[in-house]
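The values are calculated or read from the model by the stated rules, or taken from the named source; none is laboratory data. Treat the numbers as computed from the prediction; the structure is a model and nothing was measured. With ideal geometry, Cβ positions are generated from the backbone for all residues, glycine too; neighbour counts draw on all protein chains shown. Ligands, DNA and RNA are excluded from the accessible area calculation, which covers all protein heavy atoms including side chains. Shrake-Rupley method; radii C 1.70, N 1.55, O 1.52, S 1.80 Å.
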Amino acid sequence: PVGEILLNRPDKLNAITPSMARLIRDACQALDDDDAVRVVLLHGSGESAFCAGSDIKALDEYESTFHFRNRLEYATQVRNLRKPCVVALKGWTLGGGFELALSADLRVASRTASLGAPEVGLGWVGGGGASQMLPRLIGYGKAMQILLTGEPFDAEKAHALGIIEYLVDEGQELETARRIASQIADHSLVATQTVKAAVRSALSTPLTEGLRMENELVSLAFALGNDQTGRDAFGRRASDTDIPD
């Protein structure tokens, strides 16, 4: 029930080219469409990096600024997944790789991870969502500190800031991410996808609209039969723990 996407270009720190972006899009669509898959796990190959971002040399593949503007944005493909996404981080997690991590729902990082948004030093703002997702995750001031200095920071700081949810010892990030993904996958597709849809709506809607959407989503879950499933599960737990009905 856990579908994995592996960034597999370790000799280039898993830097992403336009052709890789298309593969990420195709993988995300395939996993979203596969009812046997309940959770998506994203990780990188090799020992040195999760992802160092976009391959700068690949910018030469765009015919013009207009074509770059209309590029396939790979972090957006991950961010648009309907299913929960867990990412396992190690080593360099920079630029577009950092934005990939921010686009996931839960982040597990090795103490070896070094994160950052170096784009400001190159002369531009990142185009994969860091300026939008980071302040929502950690607040305006801390986001500006990261985005305006461009300085990398270690996993300990990322965990203290709330950018990563799980901090683990070197070599434990993938095993831990798989365990968390499997735990989430034990829940129904309806439950996990409505939770994600509800929480994501909170990032872009006023409270009244978000509450209305939450009510619609729980009603949808009930309409699909999850109310009875939940009652049955509660009954089993109550029986096991002597909780009164």
> Would a scan of segment 43-54 turn up a residue that is touching a residue at least 12 places away in the same chain (Cβ under 8 Å), open to solvent by 50 Å² or more (accessible area, probe 1.4 Å), among the acidic types (D, E) and within 21 Å of G116 (Cβ to Cβ)?
Replying inline: yes
> Within segment 105-115, can you find the residues that are out of contact with any helix residue (DSSP H, G or I) (no Cβ under 6 Å at 6 or more places or on another chain) and either without any contact (Cβ under 8 Å) to a residue 24 or more places away in the chain or under 29 Å from T194 (Cβ atoms) (or both)?
Replying inline: D105, L106
>> Restricting to segment 57-109, count the residues that are closer than 29 Å to A185 by Cα, hydroxyl-bearing (S, T, Y) and open to solvent by 30 Å² or more (accessible area, probe 1.4 Å).
In response: 1
> Do any helices (runs of 4 or more DSSP H) entirely within segment 46-126 hold 2 or more residues that are within 30 Å of L217 (Cβ to Cβ) and of a type outside the set (S, T, N, Q), and if so, which?
Replying inline: 74-79, 96-103
> What single numbered condition from (1) in contact with a helix residue (DSSP H, G or I) (Cβ under 9 Å, 6 or more places away or on another chain); (2) not in a loop (DSSP other than H, G, I, E, B) fails to hold for I164?
Replying inline: (2)
> Taking the stated definitions as given, is A117 open to solvent by less than 70 Å² (accessible area, probe 1.4 Å), under 18 Å from F50 (Cβ atoms) and touching a strand residue (DSSP E or B) at 6+ places or on another chain (Cβ under 6 Å)?
Replying inline: no
>> Looking at segment 8-27, can you tell me whether even one residue there is in contact with a Lys or Arg (Cβ under 6 Å, 6 or more places away or on another chain) and without any contact (Cβ under 8 Å) to a residue 60 or more places away in the chain?
In response: no
